[in-house]
Structure formats: structure tokens, C-alpha cells
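Working notes for the structure below.
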Amino acid sequence: MPENVANRSVKISEEMYNTAKWTAEAEHRSISGQIEFWARIGKAAMDNPDLPVDFIRDVLVSKAQNRALAEPFQPE
């Protein structure tokens, strides 16, 4: 486990847990990783209300991707 991760219990609704479980499986994350991802998106959205949520999500996904697999941007 990474050193900056703490084991904490957090109560969430059954519906939120099930949604996170389904989404986590589809996006190849752990359930806690999925909920943390959603929290990061929410925090970034609140810190940057002028940015669309989809843009924030795409930036966070991009930052997590392996740079060796990235394709350079080619303007048209």
C-alpha cells in the first residue's frame, strides 16, 4: 500500500456503493479508487466552477495515463 494512503472507514449509502462497484469494475479501479476519483473530480469542479466536469474528468484521466503511450497533439 502506498505510504500516503490511510485505512479509514467511511459510511456511504448502499446505492452509492453499488454504483461505485459497477463503475469501478467497468473502469478497472478498486471501489475505493473509484470513490476517490469521483471525489477528486468533485473537488476540482468546485475549485474551478468555470470548467465543464467532462473536461476536468478528462484532464485527471490524462494525468494518470502512462506518458510513454501518449500521442503528440497535432493541430489541424
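At-a-glance table
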| quantity | calculated |
| --- | --- |
| Arg29 part of a loop (DSSP other than H, G, I, E, B) and under 11 Å from the mean Cα position of the chain (by Cα) | yes |
| Odd one out for Ala44 among (1) assigned to a loop (DSSP other than H, G, I, E, B); (2) within 26 Å of Lys11 (Cβ to Cβ) | (1) |
| Hits in the range 42-70 (condition: among the β-branched types (Val, Ile, Thr) and closer than 18 Å to Tyr17 by Cβ) | none |
| Unique match (being aliphatic (A, V, I, L, M) and modelled with pLDDT under 95) among Ala70, Ala20 | Ala70 |
| Flag if Asp50 is assigned to a helix (DSSP H, G or I) and surrounded by fewer than 12 Cβ atoms within 10 Å (Cβ to Cβ) | no |
| Count - residues of the range 28-67 that are of a type in the set (S, T, N, Q) and modelled with pLDDT of 90 or more | 4 |
| Number of the exception - Ser9 against (1) hydroxyl-bearing (Ser, Thr, Tyr); (2) part of a helix (DSSP H, G or I); (3) more than 16 Å from the chain's Cα centre (by Cα) | (2) |
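One line per residue, one yes/no per condition, for (1) exposed (fewer than 10 other Cβ atoms within 10 Å of the Cβ); (2) of a type in the set (D, E, K, R):
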site: Val5; (1), (2): yes, no
site: Trp22; (1), (2): no, no
site: Ala26; (1), (2): yes, no
site: Arg29; (1), (2): no, yes
site: Glu36; (1), (2): no, yes
site: Arg57; (1), (2): no, yes
site: Arg67; (1), (2): yes, yes
site: Phe73; (1), (2): yes, no
site: Glu76; (1), (2): yes, yes
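The values are calculated or read from the model by the stated rules, or taken from the named source; none is laboratory data. Note that the structure is predicted; figures quoted are calculated from it, not measured. Counting neighbours? That spans all protein chains shown, and the Cβs are built from the backbone with ideal geometry, glycine included.
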